[in-house]
1. Step through the table entries Lys282/Lys390; Lys216/Lys279; Lys222/Lys390; Lys284/Lys390; Lys124/Lys348, compare each Cα-Cα distance with 30 Å, and write down the pairs that go over it.
2. Just in the range 52-134: which GluC sites (Glu not before Pro) are loop by DSSP and have at most 10 other Cβ atoms within 10 Å?
3. Assuming R0 = 25 Å, can you tell me the calculated FRET efficiency for the pair Lys284 and Arg389, based on Cβ-Cβ distance, to the nearest 0.05?
4. Starting from the Cα-Cα distance between Gln321 and Asp146, subtract it from 0.36 nm times their residue separation and give me the gain in nm to one decimal.
5. Using r as the Cβ-Cβ distance of Asp362 and Phe245, and R0 as 45 Å, what FRET efficiency do you calculate, to the nearest 0.05?
6. With contacts defined as alpha carbon pairs under 8 Å and 6 or more residues apart, what's the relative contact order of the range 71-191 in percent?
7. Mind checking the full-extension length gain between Thr58 and Ala334? Use 0.36 nm per residue of separation minus the Cα-Cα distance, one decimal, nm.
8. Only loop residues by DSSP count here, and only those with at most 15 other Cβ atoms within 10 Å; note down the trypsin sites (Lys or Arg not before Pro) in the range 104-183 that meet that.
Amino acid sequence: MMSMIYQAYQNHMDLTAPWRTGASAALRYLNLVPQGTSDRFVGRIAAALELISRSALTYTRPAYGIDSVMVGNRELAVTEEVVYSTPFGSLLRFKKEDVPGQPKMLLVAPMSGHFATLLRGTVKTLLQDHDVYITDWHNPRDIPVDYGGFGLEDYTDHLISFLTVLGPRSHMVAICQPSVSALAAAAIMCEDDHPARPATLTLMAGPIDTRIQPTKVNEFAKSKPITWFESNLINYVPVQCKGAFRQVYPGFVQLTAFVSMNLERHIKQHMDLAHHLAKGDKEKADVIKTFYDEYFAVMDLPAEFYIETVRDVFQEHLLPQGRLMHRGRPVNPAAIRRMGLMTVEGEKDDICSIGQTLAAQDLCTGVRAYRRVHHMQAGVGHYGVFSGRKWNNEIYPLLRDFVHVNS
């Protein structure tokens with residue numbers, strides 16, 4: 001049954017597309033109407049048309065929009081450069097001119113239903129002092145089935161390949177979900193004495209051991225057998241797409257789950273948006289629109305990656321129990337040596353609770369004590385660990401100093 005829902009959803013979106021297109025066209029016309037005594041009426045119509053035109057998700061990656069960055073007292077231009085690519089992801093560099101000697105940093109973005117652009121604020125902060133690269137994952141619905149599957153081991157292989165492109169003494173920062181793969185990649189590269197093994201590994205709000213203070217997300221993952229997830233959440237990409245018949249965990253299903261967790265807040269935000277539009281308060285309306293432009297840009301997850309993550313990370317806890325395998329060999333975090341290890345957690349994180357990321361410190365017994373850093377940030381939730389004021393003012397300075405000391 002579930003395998004047909006994505007197709008039905010796509011058919012519905014295609015059938016209703018003319019309504020959204022028409023609303024957008026009417027909205028452009030209304031914006032040309034001279035202001036006068038009917039402003040209030042026109043404003044209400046414009047607000048309704050705006051909401052209709054925005055009543056669909058997008059499956060296209062938004063722009064990062066990072067054109068410049070302050071480095072010291074200089075504003076430098078930033079250009080995006082794809083330095084390596086596979087069907088499933090690109091290694092994207094944010095290139096700055098005339099800034100020699102900054103440490104190379106790989107920012108590892110999660111595959112969790114949104115694009116890597118969700119980390120644009122993180123990137124912009126890191127760019128002040130680092131030569132930043134990001135894992136820019138591609139949407140599986142746009143990848144033909146001929147390219148095969150993409151599982152947890154493929155994710156780890158991509159990190160190893162990306163670090164190889166960056167070369168020796170680079171630094172890896174993993175945000176949330178990919179902390180497990182980042183730790184696995186570092187362990188394998190150290191065990192193989194790989195010349196491009198990272199100089200430091202930073203894990204931020206990552207599910208290294210979800211047995212510790214389980215959250216509602218963790219409890220849901222364990223509440224049903226893996227066969228339930230396969231039968232009820234995995235779907236085929238619709239025939240209209242390049243990746244037709246690829247099995248995925250649809251992005252719209254993931255977004256529905258996210259929205260349902262804070263439904264009242266999202267309803268209020270859209271009511272506020274309509275109110276601001278009707279009043280002509282463009283600045284306040286733009287803040288809400290910018291947020292939802294990103295939030296409603298969704299990405300499917302490859303079925304193999306989703307199922308293996310739920311099973312291996314959240315149900316069976318293979319990494320902390322020493323049972324995680326990669327290409328037939330055990331992943332041994334104790335093999336990590338001559339590398340700095342930093343872990344960061346948020347006090348109010350309801351997705352990855354306190355202790356789950358810190359667990360990496362106990363697993364990596366080969367890391368010298370003076371190369372270890374752990375930071376628990378007071379007063380932040382999950383997203384506050386890598387975005388917002390406290391990230392910029394309190395967490396980032398610690399990360400910057402940690403990286404530079406270990407360069």
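1. Values: Lys282/Lys390 28 Å; Lys216/Lys279 39 Å; Lys222/Lys390 32 Å; Lys284/Lys390 23 Å; Lys124/Lys348 24 Å.
Result: Lys216/Lys279; Lys222/Lys390 exceed 30 Å.
2. Details: sites: Glu75, Glu80, Glu81, Glu97; in loops: Glu97.
Sites meeting the loop and neighbour criteria: Glu97.
3. Details: r = 20 Å, r/R0 = 0.78.
The computed FRET efficiency comes out at 0.80.
4. On the way: separation 175, 0.36 × 175 = 63.00 nm, distance 3.53 nm.
Value of the extension gain: 59.5 nm.
5. Step by step, r from the Cβ atoms, then E = 0.55.
6. Details: 166 pairs, mean separation 36.9, N = 121.
Relative contact order for the range 71-191 comes out at 30 percent.
7. Numbers: separation 276, 0.36 × 276 = 99.36 nm, distance 4.26 nm.
Gain in length upon complete extension: 95.1 nm.
8. Numbers: sites: Lys104, Arg120, Lys124, Arg141, Arg169; in loops: Arg169.
Qualifying residues, ordered by number: Arg169.
Read-outs throughout are calculated quantities, based only on the coordinates presented, and are distinct from any laboratory measurement. Worth saying up front: this structure is predicted, and the values here are computed from it rather than measured. In this analysis, Cβ positions are derived from the backbone assuming ideal geometry, glycine residues included, and neighbour counts consider all displayed protein chains.
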